[in-house]
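**Student:** Below: one structure in structure tokens.
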Amino acid sequence: DTGVSQDPRHKITKRGQNVTFRCDPISEHNRLYWYRQTLGQGPEFLTYFQNEAQLEKSRLLSDRFSAERPKGSFSTLEIQRTEQGDSAMYLCASSLALQKDTGELFFGEGSRLTVL
Amino acid sequence: LAKTTQPISMDSYEGQEVNITCSHNNIATNDYITWYQQFPSQGPRFIIQGYKTKVTNEVASLFIPADRKSSTLSLPRVSLSDTAVYYCLVGDYGSWGKLQFGAGTQVVVTP
């Protein structure tokens, strides 16, 4: 399977614990995005990388959230001291940034987080 | 970023054509209109993108009037597997990937 893969698919944790999600983008894609989606809502942009550089962060990304993309390949999203409000689906997407391209994003199936 | 408004839900029967209209009154000159489809427990999937007039691919058609203040996604002869949430997004090249999806339109297709 050459699509975007995310791990784990499901994570249940207790409030106050740290969690980390991993995303492996499509191999030739140089852009990687993280989104959060809560029930009944559309995805909300969190942050994105071009290669290994984190170019933008949403204000939704509090200081408890950190994302990395070492070597411009896979990415991790860590949430420290989880809160019940962090319960959501965390989606990763990748794209190949070309001048004036369609900007089509290829999404993974997401990592669902439940904070008890 | 241009704000979009689309119906919360639409119902249809198998074999019918479904048209979802999205309003984007403050669309900017450089903005494109993009539609995504999302099934439960999956990430969104790109359907179609257009700038003006009409765009058609193997999945859908996108109609954009001359003033570009709205657009209509047309799904021909829907089947049960077209039951999904459909999102309309508006933005320019620099905003690809950072667009806010909104709540989308839940389309339910029944036999």
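No value in this document is a laboratory result; all are computed from the given coordinates. These numbers were taken from a predicted model, which means no experiment stands behind them. Positions of Cβ are generated from backbone atoms using ideal geometry, with glycine treated the same way; all protein chains shown enter the neighbour counts.
**Student:** So how do B:82, B:67 line up by other beta-carbon neighbours within 10 Å, fewest first?
**Tutor:** Lowest count first: B:67, B:82.
**Student:** What whole-number distance in Å separates the alpha-carbon centres of region A:47-116 and region A:12-30?
**Tutor:** 8 Å
**Student:** Please find the FRET efficiency linking residue B:67 to residue A:27, where r is the Cβ-Cβ separation and R0 is fixed at 45 Å, and quote it to the nearest 0.05.
**Tutor:** 0.60
**Student:** Something else now. Picking from B:79, B:41, B:23, which is most flexible by a Gaussian network model of chain B using Cα springs under 10 Å?
**Tutor:** Comparing B:79, B:41, B:23 in the GNM, the peak value goes to B:41.
**Student:** Additional query: What residue among B:54, B:69, B:98 shows peak mean-square fluctuation when chain B is described by a Gaussian network model with Cα springs under 10 Å?
**Tutor:** Comparing B:54, B:69, B:98 in a Gaussian network model of chain B, the most mobile one is B:98.
**Student:** Quantify how strongly other chains surround peptide B:32-44 by giving the mean number of their Cβ atoms within 10 Å of each of its Cβ atoms.
**Tutor:** Mean shielding by partner chains, rounded to a whole number: 4.
**Student:** Could you name the lysines in cross-link range of residue A:71, using Cα to Cα under 21 Å and dropping any fewer than eight places away on the same chain?
**Tutor:** Of all the lysines, those that pass the test against residue A:71 - Cα under 21 Å, at least 8 places apart if same chain - are A:57.
**Student:** Put +1 on the Cβ of every Lys and Arg and -1 on every Asp and Glu Cβ in region A:1-92; which of A:54, A:5, A:90 then has its Cα farthest towards the positive end of the dipole?
**Tutor:** The residue sitting most towards the positive pole is A:90.
**Student:** With each pseudo-label sitting 7 Å past Cα toward Cβ, what's the residue A:59-residue A:83 distance in nm, one decimal?
**Tutor:** Simple spin-label model gives 1.5 nm for this pair.
**Student:** Please build a GNM for chain B, connecting alpha carbons under 10 Å apart, and tell me which residue among B:75, B:99, B:89 fluctuates the most.
**Tutor:** B:99
**Student:** Leaving out same-chain residues fewer than 8 places away, which lysines sit with a Cα under 22 Å from that of residue B:54?
**Tutor:** A:100, B:3, B:69
**Student:** Related question: Within 10 Å of each Cβ in peptide B:94-104, how many partner chain Cβ atoms are there on average? Round it to a whole number, please.
**Tutor:** Mean partner shielding for this stretch: 6.
**Student:** Work out, step by step, the length gained on full extension between residue A:68 and residue A:104: first 0.36 nm times the residue separation, then minus their alpha carbon distance; give nm to one decimal.
**Tutor:** 10.8 nm
**Student:** With r defined as the distance between the Cβ atoms of residue A:51 and residue B:41 and R0 fixed at 35 Å, what FRET efficiency is calculated, to the nearest 0.05?
**Tutor:** 0.70
**Student:** Distance in nm between label sites at residue A:2 and residue B:74, each 7 Å beyond Cα in the beta-carbon direction?
**Tutor:** 3.3 nm
**Student:** Here's something else I'd like to know. Enter the mean projected area of the convex hull around the alpha-carbon atoms of the protein assembly as shown, in nm², rounded to one decimal.
**Tutor:** With the hull built on Cα positions only, its mean projection is 12.6 nm².
**Student:** Right, next: Just need the Rg to Rh number for chain A, please, alpha carbons only, Kirkwood Rh.
**Tutor:** 0.96
**Student:** Evaluate the distance, in nm, between pseudo-label points positioned 7 Å from the Cα of residue B:14 and of residue B:29 along their respective Cα→Cβ axes.
**Tutor:** 5.0 nm
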